[in-house]
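I have a structure I would like to understand better, so I am pasting it below and will then ask my questions one at a time.
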Amino acid sequence: MPVEEVAAEAFRARRGQLVNAVARRMGQDSRLGKWLGSHSPRLMDSTRRHHAAFMGEVMAGNDARLLEQALAWVYATYHNQGVSFEFFLHEWKTWQDVITEILPAREAEAILPIYEWMVQHHDELIEAAHQYRTRRVSVQPCWEEDYQYIVDHLIQGDTTGVIDRCHGLLLDGMPYESLLQNLFYPAMVDVGARWEAGQLSVTMEHQTTAMVYRVLAALYYDQPFPESDRGRGLVSPVSNEFHEMGSWMLAVSLELDGWDITLLTADTPPETLVATVLEERPRFVALSVTLVGNVAEARATVASLRAALGPDDATPIVVGGQAFQDAPWLVQSVNADLHLESATAAVAWARSLGDPA
């Protein structure tokens, strides 16, 4: 499935135009209501944008394994939300039509076989969806009872109950960072898995995420802040990334270890991130990537940072996030100094930098 760089770049450059054209055509199809059931067409809007970003990454790396892995997830997850498998067959055909019309002929010719493969293997992708199993994070047996309580009461919307349970754990000596890593991280993965399985609506998933922020913020400000000053660090999701939980957990873990952390928000433009780094001169920059389609944003951000800082600057640039859990072979392509698998690993690494000069 090799795609020349010029074709992949043409796709990436016009992906917004392609997405809009596909959305218009699919929106005009009288069968759309049957395919989506009770769901609004808006259900697929953000997914279509993520698809375009993801396909850019697939083409850039000629990565058939990544495509097959993602399609099984897409078919399974959205079918569990009530979307007909037939929707995807017509979606891929519409992409073929739009690519033919919008991209230059040579570039379109290079890309179309990918979508043709998706059409031809539609039945196999349905079978892969039926066999797909959502990812969950194992919890240590000593925390299993507390973990199950937290997950159940998060879904019930019992903010007070979760805070009280966690407050008790903290009083018993559990470090706040351990609470994040060993209980709330797997809990959020579990919540996402329940959405994938059709057990939670996307609204409930978002409400649960908002509740986790409230719980963790309430507990955070009760923590003893260290007097040590390890220096300044910067943590940020990459551009086009709207998942902030991982960055937030990393930032507060570092702050409780004595770091002065600047935490940038979701979808921070790369020029804003670079300008902030040049102004603040942190001891390190940590970039978070949740969706595989945003690995290209991480790659571009790292390149922009290196160009702005200059060849003699030794500021470490580290990356982490779910994207690299899903596709660990993409880490090297980002050209960062280091990949860190968790907030706990990041804190340990940051300590190895020693005291500021």
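Taking N as the number of residues in segment 1-112, what is its alpha-carbon radius of gyration divided by 2.2 N^0.38 Å?
1.06
Still on this structure, I have one more. Could you put His243, His130 in order of accessible surface area, largest first, with the 1.4 Å probe and the full protein assembly present?
Result, largest first: His130, His243.
With point charges of +1 on the Cβ of Lys and Arg and -1 on the Cβ of Asp and Glu, referenced to the Cα centre of the chain, which listed residue (Thr160, Pro226, Pro2) lies farthest in the positive direction of the dipole?
Pro2
What does the charge dipole of segment 1-144 about its Cα centre add up to, to the nearest 20 debye, if the Cβ of each Lys and Arg holds +1 and the Cβ of each Asp and Glu holds -1?
600 debye
In debye to the nearest 20, how big a dipole does the chain give about its Cα centre with +1 on each Lys and Arg Cβ and -1 on each Asp and Glu Cβ?
Charge dipole of the chain: 800 debye, to the nearest 20.
Segment 236-268 to segment 281-327: how many Å between their Cα centroids?
About 13 Å separates the Cα centre of segment 236-268 from the one of segment 281-327.
How many percent of the alpha carbon pairs in the chain exceed a separation of 37 Å? Walk me through the numbers before you get to the answer.
Numbers: 15949 of 63546 pairs.
Distances greater than 37 Å cover 25 percent of the Cα pairs.
Right, another one. Considering only protein heavy atoms, what per residue accessible area in square angstrom results for segment 150-277 with a 1.4 angstrom probe? Before the final figure, lay out the partial values.
Numbers: 5300 Å² over 128 residues.
That works out to 41 Å² for each residue.
Here's a follow-up. Taking all protein chains as present, what is the carbon and sulfur share of the accessible area of segment 228-313, in % to the nearest whole number, probe 1.4 Å?
The C+S portion of the solvent-accessible surface of segment 228-313 is 51 percent.
Probe radius 1.4 Å, ligands and nucleic acids ignored: give me the carbon and sulfur share of the accessible area of segment 69-183 as a rounded percent.
The value for segment 69-183 is 50 percent carbon and sulfur by accessible area.
Tell me what the chain gives for mean residue ellipticity at 222 nm when only DSSP H runs of n ≥ 4 count, each as -39,500 (n - 2.57), the sum divided by the residue total, rounded to 500 deg cm²/dmol.
Values: 19 runs with 221 residues, N = 357.
-19000 deg cm²/dmol, from helical runs alone.
Can I ask one more? Once the piece of chain linking Met174 and Ser352 is laid out straight, how much longer is it, given 0.36 nm per residue of separation minus the C-alpha distance between them?
Taking 0.36 nm per residue and subtracting the Cα distance, the gain is 61.8 nm.
In whole angstrom, note down how far apart the Cα centers of segment 1-59 and segment 66-108 are.
For segment 1-59 versus segment 66-108, the Cα centre distance is 7 Å.
The values are calculated or read from the model by the stated rules, or taken from the named source; none is laboratory data. Given the structure is predicted, the values throughout are model-derived calculations rather than measurements. A quick note on method: Cβ atoms are made from the backbone with ideal geometry, for glycine too, and the neighbour counts reach across all protein chains shown. Calculation scope for accessible area: heavy atoms of the full protein, side chains included, ligands and nucleic acids excluded. Shrake-Rupley method; radii C 1.70, N 1.55, O 1.52, S 1.80 Å.
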